[in-house]
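One structure is given here, and the rest of the page talks about it.
No lab work stands behind these numbers, since they all come straight from the coordinates. Please read all numbers here as calculations on a predicted model, not as lab measurements. Positions of Cβ are generated from backbone atoms using ideal geometry, with glycine treated the same way; all protein chains shown enter the neighbour counts.
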Amino acid sequence: MESLVAWVKQIIIIVMFSVFIDFFIPSGSFSRYVKVVIGMLIVLALLNPVIMFLDRNMIYDQNYFNVKSFLDRRDAADLYQLSKSEEAKRNVVKNYKNELESIIEYQIKKLTDYEVDRITVEVEDKENKNFGEIKTINLEIKNKGKIAEQKIKKVSVDLSKNNESEESDESIKNLIEVLSNIYNIPKENINIELEGS
């Protein structure tokens, strides 16, 4: 109910503002442009609740498709080929890896109940058709909200073993599955260590 009242107040304020502006703008060709801008503001105010609702429901889609919003592999490969010095090539690879690491960290933070303590991504850094392809992802994660002063017990999940899995092991396996599907790398190349128990 509070949000509805705030929305109505926002519309009233924008309409009052538009009437005020319309009153002081002299008639002529300039007033048409001002009226168009004011009309767009009113439409945005009317659509604001719909936009907010869609934004809340698209968290997974946003995170999944953020992969497309960074310096993708082809762009990194093009920059690598155009780089003249070895230092410039190393910087291209380093920036590409950093971007991948930050996106993976963001995805884990938004999609799971874990926080990333450390992440390392290894990519193909030789100039060939596989340039930029992710070779391995190494993660150290912890449950959100864990107190840092607690003793930390490292747990390693190895998919090659068929042990009885606990609830956290199952969620880590699901995380490995998601990362494997998004980044098209074998599950065996994703190593996750969970801190605490």
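Taking the square roots of 5 times each eigenvalue of the Cα gyration tensor of segment 2-57, largest first, gives ellipsoid semi-axes of 27, 13, 4 Å. Remark: for residue pairs Lys135/Lys173; Lys84/Lys135; Lys89/Lys187, the C-alpha separation exceeds 23 Å in Lys84/Lys135; Lys89/Lys187. Couplings 3J(HN,Hα) for segment 176-184, derived from phi with the Karplus relation 6.51 cos²θ - 1.76 cosθ + 1.60 (θ = phi - 60°), are 4, 4, 5, 4, 4, 6, 5, 9, 6 Hz, where x marks Gly and Pro.
For Asp125, Asp113, the sequence from fewest to most other C-beta atoms within 10 Å is Asp113, Asp125.
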